[in-house]
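Every number here is computed from the coordinates shown, using simple stated rules; none is lab data. What you are looking at is a predicted structure, and each value in this text was computed from that prediction instead of being measured. Here the Cβ positions follow ideal geometry from the backbone for every residue, glycine too, while neighbour counts run over all protein chains shown.
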Ligand SMILES: NC(=O)c1ccc[n+]([C@@H]2O[C@H](COP(=O)([O-])OP(=O)(O)OC[C@H]3O[C@@H](n4cnc5c(N)ncnc54)[C@H](OP(=O)(O)O)[C@@H]3O)[C@@H](O)[C@H]2O)c1
């Protein structure tokens, strides 16, 4: 880690607090989709959207059981809202495609999409259905595919004159990536073979988020912000289960960082609401850190 990166991390975790959502925001009439919403930041941001009056929430989750359990809690606190649980497994291209088709056929409008589902893995593993390494599959390929599939659907359903929003969850870790296999060709399969790219869990998580940022930065060049505003958000190190599989030195490092500096999930999710609801077209293509557009 370089000095600048340590400084950004310390600044982020100790000197900054995500801004509270301004008063007066009313999401009545709006429809939102949050992926990976059965736990952590996805669940908390869903809760915060509902607290702002959201009319219809799609919890896009890989486990129907976990999804239904959180939906019933959210429903009791928000009896007026319509809350649906839709299956989405980011390890499966077919599931991502089916999910997008369902959005197209069943939703009259889509105002907010938060692409939050993500993983950090300690061990190298291949997703059998795609042949790709799991972290790359979930954090990058499937998130990229879902963005591309949803984009024309959102465009076609924009009717109010207000842009739809896609907020994709990234991480400050992207700036720590060294992306050691950057010059390997073919590039994508070089992530799937540890004899070409030795496995390093922290590096892999960071690179998956870096590539997602690079992809989105290029994608927005062809998307008018007034139709669909696409931005990225870094929630800050937050107390969730993301690093639950960490062990050894990496586990000890995350435990110390979490103990000393991690945000509550309520504070972390404020950054999602800022990106998806408060920020406008000025944030198109940007990474938001502490509710500000980052360099
Ligand atoms: N926590 C942090 O410090 C931090 C910092 C920067 C960025 N982030 C990012 O924030 C996002 C949310 O993470 P979190 O911290 O809230 O961790 P989390 O509690 O582990 O949440 C991750 C969510 O993604 C879902 N998910 C994982 N694999 C999936 C798949 N194949 N298909 C569909 N959903 C899947 C999980 O579902 P299950 O409940 O079924 O496992 C879970 O709901 C991630 O993108 C992460 O990279 C987190």
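Among 25, 119, which comes first, then next, by fewest other beta-carbon atoms within 10 Å? Don't jump to the answer; show the numbers that get you there.
Working: 25 13, 119 16.
Ascending Cβ contact count within 10 Å gives the list 25, 119.
Which value does Rg/Rh take for region 129-273 over its C-alpha atoms, Rh per Kirkwood?
Numbers: Rg = 17.1 Å, Rh = 17.0 Å.
My calculation puts Rg/Rh at 1.01.
Pick from 71, 258, 276: which is most flexible by mean-square fluctuation in a GNM of the chain where alpha carbon atoms under 10 Å apart are linked?
Residue with maximal mean-square fluctuation among 71, 258, 276: 258.
Would you mind computing the Rg to Rh ratio of the chain from its alpha-carbon coordinates, Kirkwood style for Rh? Present the calculation step by step, with values, prior to reporting the outcome.
Numbers: Rg = 18.3 Å, Rh = 19.4 Å.
Rounded to two decimals, Rg/Rh equals 0.94.
Helix 40-51 sits at what angle to the longest principal axis of the chain, using alpha carbons and giving 0 to 90 degrees rounded to 10?
20 degrees
Take the Cα pairs of region 159-215, get the Kirkwood Rh, then feed it into Stokes-Einstein at 25 °C and 0.890 mPa s and tell me D in µm²/s.
Working: Rh = 12.9 Å.
So the translational diffusion coefficient is about 190 µm²/s.
Taking a temperature of 37 °C and a viscosity of 0.692 mPa s, what whole-number D in µm²/s does Stokes-Einstein yield for region 92-195 with Rh from Kirkwood over alpha carbon pairs? Can you show the working numbers first?
Working: Rh = 15.6 Å.
Reported coefficient: 210 µm²/s.
Calculate the spin-label point distance for residue 241 paired with residue 28, positioning each point 7 Å from the Cα along the beta-carbon direction, and give it in nanometres.
Here the answer is 3.6 nm between the modelled labels.
Where does the chain land at 222 nm, in deg cm²/dmol rounded to the nearest 500, when only DSSP H runs of n ≥ 4 count, each adding -39500 (n - 2.57), divided by all residues?
Numbers: 8 runs with 106 residues, N = 295.
Taken over the chain, the calculation gives -11500 deg cm²/dmol.
Given region 17-107, what percent of its DSSP beta bridges are antiparallel, to the nearest 5? Please report the intermediate quantities before stating the final value.
Numbers: 0 of 11 bridges.
So the antiparallel bridges amount to about 0 percent of the total.
If you take the beta carbon distance between residue 160 and residue 195 as r and set R0 to 51 Å, what does 1/(1 + (r/R0)^6) give as a FRET efficiency, to the nearest 0.05?
Numbers: r = 53 Å, r/R0 = 1.03.
E between residue 160 and residue 195, to the nearest 0.05, is 0.45.
Calculate how many DSSP beta bridges within the chain are antiparallel, expressed in % of all such bridges and rounded to the nearest 5.
10 percent
Using only the Cα atoms, work out Rg/Rh for region 56-149, with Rh taken as the Kirkwood radius, to two decimals.
Using only Cα positions, Rg/Rh for region 56-149 is 1.00.
What is the helix-to-structure angle for 93-106, meaning the angle in degrees between its Cα long axis and the longest Cα principal axis of the chain, kept from 0 to 90 and rounded to the nearest 10?
Taking Cα atoms only, the helix is inclined about 10 degrees.
At 7 Å along the Cα-to-beta-carbon direction for both residue 218 and residue 178, put a label point, then send me their distance in nm to one decimal.
Using points 7 Å along Cα→Cβ, the separation is 2.5 nm.
How long is the gain from residue 66 to residue 149 if the chain were fully straight, where each residue apart is worth 0.36 nm and the alpha carbon distance is subtracted? Don't skip to the end; give the middle numbers.
On the way: separation 83, 0.36 × 83 = 29.88 nm, distance 2.55 nm.
Roughly 27.3 nm would be gained on extension.
Which angle between 0 and 90 degrees, to the nearest 10, do you get for helix 64-77 versus the longest principal axis of the chain when only C-alpha atoms count?
Between helix and principal axis, roughly 50 degrees.
Determine, from the Cβ-Cβ distance of residue 123 and residue 98 and an R0 of 35 Å, the FRET efficiency 1/(1 + (r/R0)^6), rounded to the nearest 0.05.
Working: r = 28 Å, r/R0 = 0.81.
That gives a FRET efficiency of 0.75.
Using 7 Å Cα-to-Cβ label points, what is the residue 227/residue 75 separation (nm, one decimal)?
3.7 nm
Pull up the DSSP beta bridges for region 119-265 and report the antiparallel fraction as a percent, rounded to 5. It would help to have the intermediate numbers written out before the result.
Working: 1 of 8 bridges.
Bridges in region 119-265 are about 10 percent antiparallel.
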